[in-house]
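The values are calculated or read from the model by the stated rules, or taken from the named source; none is laboratory data. Since the structure is predicted, the reported quantities are computational estimates derived from the model, not experimental observations. Neighbour counts run over all protein chains shown; Cβ positions are idealised from the backbone, glycine included.
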Amino acid sequence: MADDWNMPEGNLMKGKRGIVMGVANQNSIAWGISKQLAAQGAEIAFTYQGESLERRVRPLVESIGMDTMIPADVTDDASMDAAFAQVKEKWGKIDFLVHSIAFAGKDELQGSMVANTTREGFRRAMDISVYSFIDCARRASEIMPDGGSIICMTYLGAERVVPSYNVMGVAKAALEASTRYAARDLGPQGIRVNAISAGAMRTLSLAGIMGGKSLMGTGRDMSLLKEDTRMEGVAGAALYLLSDIGHSVAGEVLHVDAGFHVVGVPEMGED
Ligand SMILES: NC(=O)c1ccc[n+]([C@@H]2O[C@H](COP(=O)([O-])OP(=O)(O)OC[C@H]3O[C@@H](n4cnc5c(N)ncnc54)[C@H](O)[C@@H]3O)[C@@H](O)[C@H]2O)c1
């Protein structure tokens, strides 16, 4: 569960306002990050994908004393225009943005990447999971006159082959490259752009991947720490990157996966 950790409270985000995109339920990575940011004094405007999600997300948002919820479908320019206009009207400017959004069809997240990736599926995965980040970075930068910090969420499937991850691995590779290019473009404005590469976690998105649960088990067994990736660590990394203690960090992909990404060969028996 996303809920069971002793969250450090403090003032690292005091006076900072920003947008969190991608809370769908209490297990969403965006929700774990939001709770940690709020516990450090951040004010957050939440975007959500559609009416059906609003009912699930509103009680969460209210539970941390916030009330700004804005519908935003990242595939719809009019919806994105309206969402960012609403934030600008409310606060004038922001200090941070969390992009925690991805999508690929179930048919694409299984078996052979070569056999199962359709042109439309590829287009949709890249549009929702990659272009949306570039679009958000541009929109956010326009309301960050004093600099700021932007993060997105990625996974090891960008760098290495992971069964079933398929077109999403291709999209995450493009997302990580987009992070570096956006960091280059926005760096001179004092805007830091980074990505967190989280280990597999039990969320709605993971449930869409064939064998998703095994990704968690294998990740845990092969990891250096021999444990699941914890929301605590992912939210802590987000706090670091989004607050001023993350100064000078830009264009980075920060792995929070119990060390899984450095393992070349799993532990072997003695023979
Ligand atoms: N769960 C994992 O194991 C894991 C590991 C590493 C990275 N990630 C990444 O973390 C991010 C968040 O995923 P999660 O695991 O918290 O799952 P989640 O399902 O809780 O979050 C995904 C979010 O994307 C949103 N979304 C999808 N299409 C959208 C659209 N058209 N417009 C607006 N929003 C849209 C959904 O509403 C949802 O809130 C994703 O980028 C995912 O790839 C997840």
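Return only the number of the condition from (1) surrounded by fewer than 16 Cβ atoms within 10 Å (Cβ to Cβ); (2) away from the ligand (no atom under 12 Å from the Cβ) that GLY251 does not satisfy.
So GLY251 meets the others, but not (1).
Against the conditions (1) hydroxyl-bearing (Ser, Thr, Tyr); (2) surrounded by fewer than 24 Cβ atoms within 10 Å (Cβ to Cβ); (3) in contact (Cβ under 8 Å) with a residue 12 or more places away in the chain, where does SER100 fall short? Just the number, please.
(2)
Quick one: in the range 55-72, which of the residues that are assigned to a loop (DSSP other than H, G, I, E, B) and in contact (Cβ under 8 Å) with a residue 24 or more places away in the chain is nearest to LEU37 (Cα to Cα)?
ILE64
Taking VAL234, is it hydrophobic (A, V, I, L, M, F, W, C), at pLDDT 95 or above and assigned to a helix (DSSP H, G or I)?
yes
Could you count how many residues in the range 84-135 are small (Gly, Ala, Ser) and within 13 Å of the chain's Cα centre (by Cα)? Outline the logic, then answer.
Of the range 84-135, the ones small (Gly, Ala, Ser) are 85, 92, 100, 102, 104-105, 111-112, 115, 121, 125, 129, 132.
After this cut, where a residue has to be within 13 Å of the chain's Cα centre (by Cα) as well, the list is 100, 102, 129, 132.
Result for the range 84-135: 4.
Looking at this structure, is SER63 within 16 Å of the ligand (Cβ to nearest atom) and polar (S, T, N, Q)?
So SER63 fails the test.
I'd like the full set of residues that are assigned to a loop (DSSP other than H, G, I, E, B) and within 13 Å of the ligand (Cβ to nearest atom), limited to the range 93-125. So that I can check it myself, show each step before the final result.
Within the range 93-125, the subset assigned to a loop (DSSP other than H, G, I, E, B) is 93-95, 100-105, 109-112, 117-118.
Result: SER100, ILE101, ALA102, PHE103, ALA104, GLY105, LEU109.
Name the residue that is surrounded by the most Cβ atoms within 10 Å (Cβ to Cβ), counting only residues in the range 189-221 that are over 25 Å from LEU242 (Cα atoms) and of a type in the set (D, E, K, R).
ARG220
Here's the yes/no breakdown for (1) on the phi < 0 side of the Ramachandran plot; (2) of a type in the set (Val, Ile, Thr); (3) in contact (Cβ under 8 Å) with a residue 60 or more places away in the chain:
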| residue | (1), (2), (3) |
| --- | --- |
| ALA198 | yes, no, yes |
| SER223 | yes, no, no |
| LEU242 | yes, no, yes |
| VAL256 | yes, yes, yes |
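Are any residues in the range 113-137 over 30 Å from ILE191 (Cβ atoms) and touching a residue at least 12 places away in the same chain (Cβ under 8 Å), and if so, which ones?
MET113, ASN116, THR117, GLY121
Taking the residues in the range 43-53 that are of a type in the set (Gly, Ala, Ser) and either farther than 22 Å from MET80 by Cβ or at pLDDT below 95 (or both) as candidates, determine which candidate is nearest to the ligand (Cβ to nearest atom).
Per the stated criteria, the residue is GLY50.
Kindly evaluate ALA183 against the criterion of being within 16 Å of the ligand (Cβ to nearest atom) and at pLDDT 95 or above.
In short, no.
Which residue, of MET210, MET231, is within 27 Å of LEU53 (Cβ to Cβ), among the aliphatic types (A, V, I, L, M) and in contact with a Gly (Cβ under 6 Å, 6 or more places away or on another chain)? Spell out the reasoning first.
On the way: MET210 fails: in contact with a Gly (Cβ under 6 Å, 6 or more places away or on another chain).
Result of the check over MET210, MET231: MET231.
Give ILE196, ILE128, ILE143 a once-over and let me know the one that is in a loop (DSSP other than H, G, I, E, B) and either under 25 Å from VAL23 (Cβ atoms) or more than 9 Å from the ligand (Cβ to nearest atom) (or both).
ILE143
Would you mention how many residues in the range 123-147 are aromatic (Phe, Trp, Tyr) and surrounded by 18 or more Cβ atoms within 10 Å (Cβ to Cβ)?
So the count comes out to 1.
Only one of GLY259, GLY251, GLY233 is closer than 17 Å to LEU156 by Cα and more than 18 Å from the chain's Cα centre (by Cα). Can you tell me which? Step through it out loud before you land on a result.
Details: GLY251 fails: more than 18 Å from the chain's Cα centre (by Cα); GLY233 fails: more than 18 Å from the chain's Cα centre (by Cα).
After applying the criteria, what remains is GLY259.
Among the residues of the range 73-80, is there at least one that is in contact (Cβ under 8 Å) with a residue 24 or more places away in the chain, surrounded by fewer than 22 Cβ atoms within 10 Å (Cβ to Cβ), within 16 Å of the ligand (Cβ to nearest atom) and outside any helix (DSSP H, G or I)?
The answer is yes; a qualifying residue exists.
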